[in-house]
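K.L.:
After the structure tokens below, expect a handful of questions from me.
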Ligand code: TRP
């Protein structure tokens, strides 16, 4: 039987090519031979300071851009987390079997606590329990995520085991699935990861060809290939992007020119910018079309929530029965 897949999408307002290669692309591929659930996790997003006025737009945009990039409501169940109240209901129950010590060791919690000194709330601390509930509610066994989420998936597995040994076999074994895509670095500073919070570092999925060209032409490289000096991080990053977005022979040609020392970075950048623009044009256009049809987008999300809820209800009934809640 096809495995059930779950992943959560943060409604952060901007999706860049690093997110696309690292996450969305593998979700799109999984849809063809797995039963997939993708949730826009608005309950997770509110655990750090945020603007409630921006939230509806961010949530809508997350749905639009992911659908435009290939998440298909006819193949997968795509929904907004807060539309399925069983997520928080199960999270409460799982709270009671999760040791506080485990939560205080979560890297993401420690990082976010450092970043948002003022706003550290119980929700941020309990965030991984809600994530475990997201996954276990659907008894998903495969969770495609980035490296930074592996610790949360391991915690999910431990919570499931604890539940099973305490209350009886209920949840299956959960496994993270890491993308094989390379880590895309910031165009403006290739020692850091591409990030929407570093201006000039990223190309958004909906950027125009002109904007893409501007960003790539500005990207940091070095003074050129030198004998016995390893390739600089900036140019290595551009080659990585070329491998993802350009035809193999184009990549090979520039690679050979690099090895021979005849490469012109400006030409590589021009070609790369065109190839990225070509690859992103269908996504940008699909996003523009979806944005003009908000009713279609909201209807799909509501339908997704409905499908999700029918499974979520069954799991909750089973969990409550096992826990002695009548
Ligand atoms: N915490 C994840 C992130 O920051 C998002 C997420 C929420 C998630 N629930 C999930 C990912 C369940 C996988 C499974 O990216």
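The values are calculated or read from the model by the stated rules, or taken from the named source; none is laboratory data. As the structure is a prediction and not an experimental result, all values here were calculated from the model. Cβ placement follows ideal geometry from the backbone for every residue including glycine, while neighbour counts extend to all protein chains displayed.
K.L.:
Could we say that residue 21 is out of contact with any strand residue (DSSP E or B) (no Cβ under 6 Å at 6 or more places or on another chain), under 26 Å from residue 186 (Cα atoms) and in contact (Cβ under 8 Å) with a residue 60 or more places away in the chain here?
P.N.:
On the way: out of contact with any strand residue (DSSP E or B) (no Cβ under 6 Å at 6 or more places or on another chain): yes; under 26 Å from residue 186 (Cα atoms): yes; in contact (Cβ under 8 Å) with a residue 60 or more places away in the chain: yes.
Taking the combined requirement at face value, the residue satisfies it.
K.L.:
Output the number of the condition that residue 208 fails; it satisfies all remaining conditions of (1) out of contact with any strand residue (DSSP E or B) (no Cβ under 8 Å at 6 or more places or on another chain); (2) surrounded by 15 or more Cβ atoms within 10 Å (Cβ to Cβ); (3) at pLDDT 95 or above.
P.N.:
In the conditions (1) out of contact with any strand residue (DSSP E or B) (no Cβ under 8 Å at 6 or more places or on another chain); (2) surrounded by 15 or more Cβ atoms within 10 Å (Cβ to Cβ); (3) at pLDDT 95 or above, residue 208 misses (2) alone.
K.L.:
Here's another thing I want to ask about it. Restricting to segment 87-139, what's the tally of residues that are within 22 Å of the chain's Cα centre (by Cα), touching a residue at least 40 places away in the same chain (Cβ under 8 Å) and within 16 Å of residue 315 (Cβ to Cβ)?
P.N.:
13
K.L.:
Now for a different question. Can residue 216 be described as in the same structural domain as residue 282 (by TED's automatic domain parsing) and under 21 Å from residue 21 (Cα atoms)?
P.N.:
On the way: in the same structural domain as residue 282 (by TED's automatic domain parsing): yes; under 21 Å from residue 21 (Cα atoms): yes.
Judged against the criteria, residue 216 is a match.
K.L.:
Scanning segment 5-17 for residues that are touching a strand residue (DSSP E or B) at 6+ places or on another chain (Cβ under 7 Å) and surrounded by 18 or more Cβ atoms within 10 Å (Cβ to Cβ), which turns out farthest from residue 194 (Cα to Cα)? Spell out the reasoning first.
P.N.:
Residues of segment 5-17 that are touching a strand residue (DSSP E or B) at 6+ places or on another chain (Cβ under 7 Å), as a first pass: 5-9, 11, 14-16.
The next check asks that each one be surrounded by 18 or more Cβ atoms within 10 Å (Cβ to Cβ); those that pass are 5-9, 11, 15-16.
Numbers: 5: 26, 6: 25, 7: 21, 8: 20, 9: 17, 11: 17, 15: 11, 16: 8 Å.
By that ranking, first place goes to 5.
K.L.:
Further, regarding this structure: Looking at segment 12-47, which of the residues that are part of a loop (DSSP other than H, G, I, E, B) and under 17 Å from residue 70 (Cα atoms) is nearest to the ligand (Cβ to nearest atom)?
P.N.:
First, pick out the residues of segment 12-47 that are part of a loop (DSSP other than H, G, I, E, B): 12-15, 31-34, 41, 46-47.
Next cut, under 17 Å from residue 70 (Cα atoms) only: 14-15, 31-34.
Working: 14: 14, 15: 12, 31: 16, 32: 20, 33: 19, 34: 14 Å.
Result: 15.
K.L.:
For segment 219-232, check the following and say yes or no: at least one residue is at pLDDT 95 or above, closer than 23 Å to residue 25 by Cα, crowded, with 18+ Cβ neighbours inside 10 Å and not assigned by TED's automatic domain parsing to the domain that holds residue 138.
P.N.:
Taking every residue of segment 219-232 in turn, none turns out to be at pLDDT 95 or above, closer than 23 Å to residue 25 by Cα, crowded, with 18+ Cβ neighbours inside 10 Å and not assigned by TED's automatic domain parsing to the domain that holds residue 138.
K.L.:
Ok, one more. Can you say whether residue 281 is in contact (Cβ under 8 Å) with a residue 60 or more places away in the chain and surrounded by fewer than 14 Cβ atoms within 10 Å (Cβ to Cβ), as far as the supplied structure shows?
P.N.:
Values: in contact (Cβ under 8 Å) with a residue 60 or more places away in the chain: yes; surrounded by fewer than 14 Cβ atoms within 10 Å (Cβ to Cβ): yes.
Considered against the rule, which asks whether it is in contact (Cβ under 8 Å) with a residue 60 or more places away in the chain and surrounded by fewer than 14 Cβ atoms within 10 Å (Cβ to Cβ), residue 281 comes out as yes.
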